[in-house]
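Below: the structure, in structure tokens.
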Amino acid sequence: MKQWIHDYIDQQKKALDSIDGIQLEKIAGILKEAHSAGRQIFVFGNGGSAANASHFATDLGKGSSDALGKRFKVLSINDNVSWITAIGNDYSYDDIFKRQLENYAKEGDIVLTMSVSGNSPNLVNAVTWANENKLQSIALVGGKRGALAELATEVIVIDSEHYGRVEDTHMGICHMLCYAFMEDAGL
């Protein structure tokens, strides 16, 4: 067990080391611009990435907004279970995020999605729709990259295919984005 713990921690450090700091700074700048312009930020994912999206929306919407004195317009669109199940049942699970964006999103808004595989059809459909409708698209993906790495206008790839390590690293990125505003990182 001791060796497994050591190896796990070592691999987690490698995943964290694979974060592209230049790209992270660029995404922070996009969020800052969205905040200044009052643009909506939509975040979403599946499974553990859905939990990360909810957590990120909470931290950005509360903690970062409190620090700045002006509110971020941020919404995790994987949090409305009734709407998701209605769309999935009546249309297709592949459209659960895209159809919500159709209701709320407008040109210039931001979508930020997280996926270890980068290939979830519901995420791919939402980012495709976002691009077609002139939203800015951001994807945090794992080492498999997937379609999202090619579709999103801004991408951070974590050099791992391990779901736990990638999801932990994505949450670390989300925390860095939020704390950049909370701790006045010089954006």
Legend entry - Top-ranked residue of region 80-99 - restricted to ones that are in contact (Cβ under 8 Å) with a residue 12 or more places away in the chain and either of a type in the set (Asp, Glu) or in contact with a strand residue (DSSP E or B) (Cβ under 8 Å, 6 or more places away or on another chain) (or both), ranked as surrounded by the most Cβ atoms within 10 Å (Cβ to Cβ): 97
Legend entry - Residues satisfying the stated conditions in region 155-187, i.e. closer than 25 Å to residue 71 by Cα, part of a helix (DSSP H, G or I) and not β-branched (Val, Ile, Thr): 170, 171, 172, 174, 175, 176, 177, 178, 179, 180, 181, 182
Inset, instruction - Please indicate, with yes or no, whether at least one residue in region 32-41 is touching a helix residue (DSSP H, G or I) at 6+ places or on another chain (Cβ under 6 Å) and in contact (Cβ under 8 Å) with a residue 60 or more places away in the chain. - result: yes
Inset, instruction - Kindly check whether there is at least one residue in region 52-64 that is among the hydroxyl-bearing types (Ser, Thr, Tyr) and in contact with a strand residue (DSSP E or B) (Cβ under 7 Å, 6 or more places away or on another chain). - result: yes
Inset, instruction - Please give the helices (runs of 4 or more DSSP H) falling wholly within region 1-112 in which 2 or more residues are at pLDDT 95 or above. - result: 2-17, 21-37, 48-58, 81-90, 98-104
Legend entry - Close pairs (9 angstrom Cβ cut-off, 6 or more residues apart or separate chains): surrounded by fewer than 17 Cβ atoms within 10 Å (Cβ to Cβ) and at pLDDT 95 or above in region 155-169, assigned to a helix (DSSP H, G or I) and of a type in the set (A, V, I, L, M, F, W, C) anywhere: 159/15
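The values are calculated or read from the model by the stated rules, or taken from the named source; none is laboratory data. Since the model is a prediction, treat every value here as computed from it, not as a measurement. Neighbour counts run over all protein chains shown; Cβ positions are idealised from the backbone, glycine included.
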